[in-house]
Amino acid sequence: MNEHTDFDVVVVGGGIVGLASAYKITLSHPNIRLAVLEKEDKLAAHQTGHNSGVIHSGLYYEPGSNKAKTCTKGRKELVIFAKRHRIPYEICGKIIVATNQKELPNFERIYNNGRRNQIEGIEKITPEQIREIEPFCEGIAGIRVPCTGIIDFVKVAEKLAELIVAKGDSNKVFTSHEVTGFDKHDFYTNVLTNKGNFSTKYIINCAGLQSDRIAQADRVEPGVRIVPFRGDYYELTEQAKDKVKGLIYPVPDPAFPFLGVHFTRTVENKVECGPNAVFSFKREGYGKTDFNLADTWEALSYRGTLKVFLKNFRYGLSEYARAFSRKLFLRSLQRLISTLQDEDIKPLKSGIRAQAISRNGKLVDDFMIERRKNSIHVLNAPSPAATASLAIGEYINKIATEQFKLGKN
Ligand SMILES: Cc1cc2nc3c(=O)[nH]c(=O)nc-3n(C[C@H](O)[C@H](O)[C@H](O)COP(=O)(O)OP(=O)(O)OC[C@H]3O[C@@H](n4cnc5c(N)ncnc54)[C@H](O)[C@@H]3O)c2cc1C
């Protein structure tokens with residue numbers, strides 16, 4: 001490797017995708033000099049640290065898509081990784097529950113996707129079987145998915161960072177280092193940060209909610225914009241917690257790449273309810289009224305966002321109403337567990353999804369990774385990217401090895 005730069009590879013972003021990619025690269029190129037630069041003072045501070053903590057099975061995704069391919073592979077590898085490194089996880093299974101006739105065509109589509117994606121052990125279940133698994137849940141048909149699990153993704157991210165650094169003295173993981181731009185030269189790039197500059201031969205952009213901006217700073221037109229969608233969670237109170245044994249999901253609306261408000265028992269034995277999905281006026285704003293002028297202007301002046309809003313105006317309004325009304329949120333939970341009462345839930349947290357939208361107003365469903373001569377840009381890595389992270393990391397290692405000819409120069 002070239003000794004005239006500080007690093008061979010700089011990964012922008014210390015979320016689970018950046019760390020898994022860095023980990024896979026350091027595993028297959030032991031002599032590499034690699035740095036992960038994370039702007040926050042801790043790792044996994046955004047999507048990775050604000051998600052549902054579900055190890056997804058891979059049944060929802062279009063057969064043949066990157067999501068379908070990497071989710072199943074990544075899930076299996078994640079479980080082995082968690083076992084080896086003593087990260088708490090549990091394969092508790094989940095059920096998807098249809099509550100009315102209108103949902104049945106989509107219910108069938110998901111089940112068939114699951115079969116085509118060869119998800120182990122999935123089966124259709126009757127209303128009686130739903131009650132046996134989840135005594136408080138009512139539905140007209142269900143799918144049991146035994147290989148779904150729960151995990152703490154922050155612990156996975158922290159372990160990955162530890163392993164990257166342990167691989168060699170020339171590997172670094174820096175927090176509180178915000179990448180502010182790139183000074184490009186023919187054979188190297190100076191990565192500009194708030195803590196000084198680092199020269200590197202190659203860049204891998206895994207900046208999540210900021211990934212389109214990092215791509216543009218690297219003179220790559222991403223062809224999409226990241227639009228933030230906030231998801232709010234409630235939690236079941238101590239006295240209501242026993243109404244949910246494991247994970248209960250609705251049949252998702254096929255028009256959106258979100259899974260719908262669900263119940264998740266976590267590794268800390270809490271029961272989380274959510275998340276909804278509303279446009280956020282700030283990319284990293286977790287409060288309901290958070291606002292950032294630049295983020296809002298950028299999102300709303302983009303043709304793609306306007307098209308999405310026009311097409312889904314009524315849906316968007318009802319999601320907003322639900323975000324501000326505890327009563328409406330509770331009502332959507334009652335579709336699955338009708339006996340839940342207002343005193344059974346309390347507000348918990350929010351997460352922001354980085355959702356890529358194309359200029360023609362399409363919510364990009366699949367993972368999107370662009371490669372250039374000296375850089376790779378992960379431009380859409382929504383759910384289930386945490387589950388799939390080790391498989392995505394493996395894929396990024398593969399294309400980095402080819403594209404950058406790692407190990408050969
Ligand atoms: C509400 C919600 C629920 C979800 N539930 C699940 C689930 O149950 N299971 C699942 O598999 N997936 C789930 N996901 C999706 C999953 O969390 C994400 O797909 C995954 O965390 C993406 O990881 P990432 O590393 O790409 O992004 P992030 O975790 O957002 O990491 C990107 C990092 O880049 C850093 N960064 C940005 N700009 C810069 C800069 N200029 N300089 C340096 N660093 C920078 C950020 O600070 C951040 O830490 C959920 C997501 C959300 C939001």
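The values are calculated or read from the model by the stated rules, or taken from the named source; none is laboratory data. A quick note: this is a predicted structure, and the numbers were derived from the prediction, not measured. Cβ sites come from the backbone with ideal geometry, for glycine too, and all protein chains shown count toward neighbours. When the accessible area is computed, the model is the full protein with side chains, heavy atoms only, and any ligands, DNA or RNA have been set aside. Shrake-Rupley method; radii C 1.70, N 1.55, O 1.52, S 1.80 Å.
Evaluate the charge dipole of region 131-177 about its Cα centre and quote only its size in Debye, nearest 20, assuming +1 on the Cβ of each Lys and Arg and -1 on the Cβ of each Asp and Glu. The dipole magnitude comes to about 180 debye.
Per-residue Karplus couplings for region 257-274, computed as 6.51 cos²θ - 1.76 cosθ + 1.60 with θ equal to phi - 60°, are listed in order as x, 10, 8, x, 5, 9, 9, 10, 7, 9, 5, 8, 6, 9, 10, 9, 10, x Hz, Gly and Pro entered as x. When the alpha carbon gyration tensor of region 187-259 is reduced to an equivalent ellipsoid, the three semi-axes, largest first, read 41, 18, 10 Å. The residues of the chain expose, per residue, 43 Å² of accessible area to a 1.4 Å probe. Against the criterion of solvent-accessible heavy-atom surface with a 1.4 angstrom probe, LEU293, LEU330 sort, most first, into LEU293, LEU330. log10 I(q)/I(0), Debye, Cα-only region 335-403, no solvent, q = 0.16 Å⁻¹? Result of the Debye calculation: -0.74. For the chain, the antiparallel share of DSSP beta bridges with both residues in that region comes to about 70%. Computed from Cα positions, the angle between helix 385-403 and the longest principal axis of the chain comes to roughly 30 degrees. The charge dipole of region 56-202, taken about its Cα centre with unit charges on the Cβ atoms of Lys, Arg (+1), Asp and Glu (-1) only, comes to about 440 debye. When only alpha carbons are used to place a centre, region 374-392 and region 1-43 end up 15 Å from one another.
Taking amide H as placed 1.01 Å from N in the peptide plane, the amide H of LEU379 sits under 5 Å from that of MET368, ILE369, GLU370, each at least 5 places away or on another chain.
Using θ = phi - 60° in the Karplus curve 6.51 cos²θ - 1.76 cosθ + 1.60, the 3J(HN,Hα) couplings for region 137-148 round to 9, 10, x, 9, 7, x, 10, 9, 10, x, 8, 6 Hz; x is entered for Gly and Pro. The residue list PRO275, ASN312, VAL261 was ranked by how far each Cα lies along the charge dipole of the chain toward its positive end, using unit charges on Cβ atoms, and ASN312 comes out on top. Per-peptide packing, taken as the mean over residues of other Cβ atoms within 10 Å, places 238-251, 359-372, 115-128, 144-157 in the sequence 144-157, 238-251, 359-372, 115-128 from highest down. For ASN292, the residues whose modelled amide H falls within less than 5 Å of its own, excluding neighbours fewer than 5 places apart on the same chain, are LYS282.
Any chance you could check the Cα centroid distance between region 293-340 and region 106-122 for me, in angstrom? So the separation of the two Cα centres works out to 28 Å.
Overall form of region 1-100: prolate. Here a/c, set by the Cα gyration tensor axes a ≥ b ≥ c, is 1.5 or more, and a/b is the larger of a/b and b/c. Per the Debye calculation on the chain with a single equal scatterer at every Cα and no solvent contribution, log₁₀ I(q)/I(0) for q = 0.08, 0.09, 0.10 Å⁻¹ amounts to -0.43, -0.54, -0.67.
The charge dipole of the chain, taken about the Cα centre with unit charges on the Cβ atoms of Lys, Arg (+1) and Asp, Glu (-1), comes to about 720 debye, rounded to the nearest 20. Candidates ILE91, ALA44, ILE16 compared by Cα position along the dipole of region 15-97: farthest toward the positive end lies ILE91, with charges placed on Cβ. Loop-located trypsin sites (Lys or Arg not before Pro) across region 260-320 with a Cβ neighbour count of 10 or fewer within 10 Å are lacking, with loop assigned by DSSP. When the Cα convex hull of region 292-409 is projected onto planes of every orientation, the mean area is 11.0 nm². Solvent-free Debye calculation, one equal scatterer per alpha-carbon of region 101-152: log10 I(q)/I(0) at 0.23, 0.25, 0.30, 0.32 Å⁻¹ equals -0.96, -1.04, -1.16, -1.18. Taking a ≥ b ≥ c as the square roots of the eigenvalues of the Cα gyration tensor, region 140-233 is oblate, since a/c reaches 1.5 or more and a/b is not larger than b/c.
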